[in-house]
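The values are calculated or read from the model by the stated rules, or taken from the named source; none is laboratory data. None of the values given here were measured: they were computed from a predicted structure. FYI the Cβ positions are ideal-geometry reconstructions off the backbone, even for glycines, and counts take in every protein chain you see. Each accessible area value is taken on the protein alone, full model and side chains, heavy atoms only, with ligands, DNA and RNA left out. Shrake-Rupley method; radii C 1.70, N 1.55, O 1.52, S 1.80 Å.
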Amino acid sequence: MKYLLFFIFLVQCLISNSQQKEIRVVENNKYLISWPKGDVTALTYTLKGSKKNLNISFPEFEINGEKMPTVLERLKITKAGMLLSNGCSEFELSGKFINNPSITLTVILQIPIDNSVLRFKYCLSDSKNLKLTKKSGFDNITYLTFSNTSSSIKEIRISEFNHRLHANHRTEYILDDRFIENEGSFMGPIAVFQETENTFLVAYEHGSQFPDRFLEFSLNKNKTVAIVSKKANYLTNQLVNGFSSVWFQFAGTTGGEDELSNEYRNFILNHMTQNGESRKPYIFYNTWGRQERVQWRGDKYLSSMNLKWTLDEIDKAHSMGIEVFVIDAGWFIKTGDWEVNRDFFPDDLKEVRSRLKSYGMKLGLWFNPTVAAVTSDMYQKNLANLMSMDGTYREPYEIWETEKSVNMCLVSPYWEDFAEVLIRLTKELGVSYFKWDAIGQYGCNDSNHLHGTEEHSAEERTQRYAFLQPEYMAKIVDRVCKVAPQVIFDFDITEDGRCVGLQFLSVGKYFIINNGPYYHNFDLVPEWKSVLPSGNPNIFVQPGPARGWFVRSILDYDKWIPSVLFLTHYQPDEPRNSQIINLGSLILGQNGVWGEILKTSDQGVLLFDSVLTKYKQIRNDITQAKMVMTGEPGGSPEIYEKINPITGKGCVVIFANEKGKHSYITASKVNPSYWHNEQVEIRFDKVGRGIIDVEFTSPSAKIIFFGVK
């Protein structure tokens, strides 16, 4: 009902403003987007409650060898307020270029009802077969320009791979006058700048491993900032007609950076995607942790892939409070066709599905979307869509002890066939979670696909494939979710060289860490060699606190991007203190479990179930709440607070590795109803904040839930 009222409100604003003023306006509760009635070169973003206006200048394109700024004769609303499932209203604004009326620019706006983020993209149409060119040999699009009167700007990276921790991390850098005076550039994809009374954010939705830039922010001495194309945003002589940009984001607040990060985080969680299931804090179990351990003991990864083992694990997982059961690599007879291996599951997973259904659990399956077995129907159907580099095809290779396969190009018509396979599996097997793995960003420059022709160099086709890969991944997700909106897509970014950015988060979530660093990350052995007779290359797989030091290191994403979007698996191994550490870690948003759960004792099962049952009462509050962090992983104490300031519900988790007493006062008021584990005392100050006193006698974690029954 509130979204209907919002739509009516927007329409009324449009009508009243068009009748009474020489501007056009769309707005929500936080900002106005306006433009003049006559010639238009920019949209104006105005924060309500502030006198500050920021002009977002329209793009400049190189067309037929000349840089052409966008000056529109007028800008009309061609689609008004279509309500989306994410609580945004979508508008389309269109206008013709004054200097070339054959070209029309369409701006698509997505506007949440009560959030300061504007999401928008550009599309071009043309009736004269004009072309986007690269006169200098490089991309030449300036997507948007805005003024920045502050003396510095903050770059927020989200794809910087830290080899010590073996994971992508959020990093922030201040670019002061030195960089502005020398007209530097930076990758982002998020930029924040704070002025006297306001703070603003600009971002683009794409993805690549830092520092591999496809777009970048460009600084200018005149205090303007632009987002420009760096490489592969389009092909040389690509037709203007049909060009579409990536999505951009613009946000502001009358407060500081903390208020802005609250707004942005809320947008990512609640309004960025129409695939809302990816934002829900389900508890996941994945069989790979068990499969690895079996292999380390000298058997094969798939030796435990059978019906009985799977059913026993489902029973145990349900008893522990797990909700999504993911069967990892090896459930299939061959890649490409992705049909159930009946040697392992003679009934096509019917009993597995029945058992999961009886428990109210969901089924998930592992995929590598870029491979097809050489005997598969998918391979035969897509012979023209195999990955190749400089005319060379990779030799077929074994996929986790299954049939040899070859690499398929995602940026080819193959993507549609793969999407149809996933749709079939949602219908036939009831799959509601797809784990995607092993998708490197580079790998194809074939001239017969959708990322360039013989007219383009091999290098341009290579880069164009990498640029388009996240777009085609999103196209697959959107096609499947249109048919099966209950499905969650999870992209494994546990190794470097994978596409990390905001674009995939617009349709799904990330699987960010498996076991953490390997022995070779610390120069203990050559790469992918092990110091153990078992061949296990993973260091942090033993019970105890060490694994958590590394795996919790990515929780600082939660300042801007909710931790629920970074699935990580913790282990249920005894002793009890190790289990407490793992439980305290996973409830902070990472929400994953793997390992040999069948070895978990009855007492361990009861512990997991009791803690997760309480967690589920307040997990939506924990998901909504932004992380407050004190200390660092490995320190004593290391404290995490996730309290919803509206309800006072949430959690505080305190880790320590040394004996001793610690105290903590919550940043937010808390609900007076609480639960905690041993050696914890709770008091309240006069404002309603929680005063927490804890004592450690050994390495462990203290878990405090506020708002539980």
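Could you sort H520, H163 by accessible area so the largest value comes first, with the probe set to 1.4 Å? Walk me through the numbers before you get to the answer.
Details: H520 30, H163 100 Å².
Correct descending sequence by accessible area is H163, H520.
What net charge do the residues around T600 carry, taking every other residue with its C-beta under 14 Å from that of T600, with Lys and Arg at +1 and Asp and Glu at -1?
Its environment carries a net charge of -3.
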Margin query: Using the basic label-point model (7 angstrom from Cα toward the beta carbon), what is the E181 to R424 distance in nanometres?
Written below: 6.4 nm
Note to self: Give me the extension gain from I691 to K48: residue separation times 0.36 nm, minus the current Cα-Cα distance, reported in nm with one decimal.
What the structure shows: 227.8 nm
Check: Using alpha-carbon pairs under 8 Å, 6+ residues apart, how would you state the relative contact order of the chain in percent?
Finding: 10 percent
Next item on the list: Obtain the nm distance between the two label points defined at T171 and E351 by a simple spin-label model: each point lies 7 Å from its Cα along the Cα-to-C-beta direction.
Entry: 5.1 nm
Checklist line | Percent of Cα pairs exceeding the 34 Å cut-off, where the set is the chain | finding: 50 percent
Checklist line | Flagged links, alpha-carbon separation over 24 Å, of K362/K599; K280/K649; K76/K121; K362/K427; K79/K435; K52/K230 | finding: K79/K435; K52/K230
Item checked: Between the range 21-42 and the range 520-581, the alpha-carbon center distance in angstrom -> 50 Å
Notebook entry, point to check: Between S147 and T196, 0.36 nm times their residue separation minus their Cα-Cα distance comes to what?
Noted result: 16.2 nm
Margin query: I'd like the FRET efficiency for Y393 and E416, computed as 1/(1 + (r/R0)^6) with the beta carbon distance as r and R0 of 22 Å, rounded to 0.05.
Written below: 0.55
Next item on the list: Tell me which residues come under 5 Å, amide H to amide H, from I63 once H is placed; ignore anything under 5 positions away on its chain.
Entry: M68, T133
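Could you sort K221, K709, K121 by accessible area so the largest value comes first, with the probe set to 1.4 Å? Before the final figure, lay out each step's value.
Numbers: K221 135, K709 210, K121 35 Å².
Ranked from most to least accessible, the order is K709, K221, K121.
At 222 nm, what value in deg cm²/dmol follows for the chain if DSSP H runs of at least 4 each add -39500 (n - 2.57) and the sum is divided by all its residues, to the nearest 500? Walk me through the intermediate numbers first.
Values: 13 runs with 160 residues, N = 709.
So the helix-based figure for the chain works out to -7000 deg cm²/dmol.
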Next item on the list: Please calculate the 1.4 Å probe accessible area of F504, with all protein chains present, and give it to the nearest 10 Å².
Entry: 10 Å²
Item checked: Accessible surface of E73 - all protein chains present, 1.4 Å probe, nearest 10 Å² -> 110 Å²
Margin query: Using the basic label-point model (7 angstrom from Cα toward the beta carbon), what is the S125 to R576 distance in nanometres?
Written below: 6.8 nm
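For the range 604-648, which whole-number percentage of the solvent-accessible area (1.4 Å probe, protein heavy atoms only) is attributable to carbon and sulfur atoms? Before the final figure, lay out each step's value.
Numbers: 930 of 1750 Å².
Carbon-and-sulfur percentage of accessible area, whole number: 53.
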Next item on the list: Give, as a single signed number, the net charge of other residues whose beta carbon lies under 14 Å from the beta carbon of Y640, with Lys and Arg counted +1 and Asp and Glu -1.
Entry: 0
Check: With Cβ to Cβ distances under 15 Å as the rule, what net charge do the other residues near S50 carry (K, R +1; D, E -1)?
Finding: -1
Notebook entry, point to check: Tell me, what is the per residue accessible area of the chain in Å², probe radius 1.4 Å?
Noted result: 38 Å²
Next item on the list: Please find the FRET efficiency linking I23 to K67, where r is the Cβ-Cβ separation and R0 is fixed at 25 Å, and quote it to the nearest 0.05.
Entry: 0.35
Margin query: Not counting ligands, DNA or RNA, and with a 1.4 Å probe, what is Y282's accessible surface area in Å² rounded to the nearest 10?
Written below: 40 Å²
Notebook entry, point to check: When only DSSP loop residues count, what GluC sites (Glu not before Pro) in the range 384-470 have their Cβ near at most 12 other Cβ atoms within 10 Å?
Noted result: E454, E455
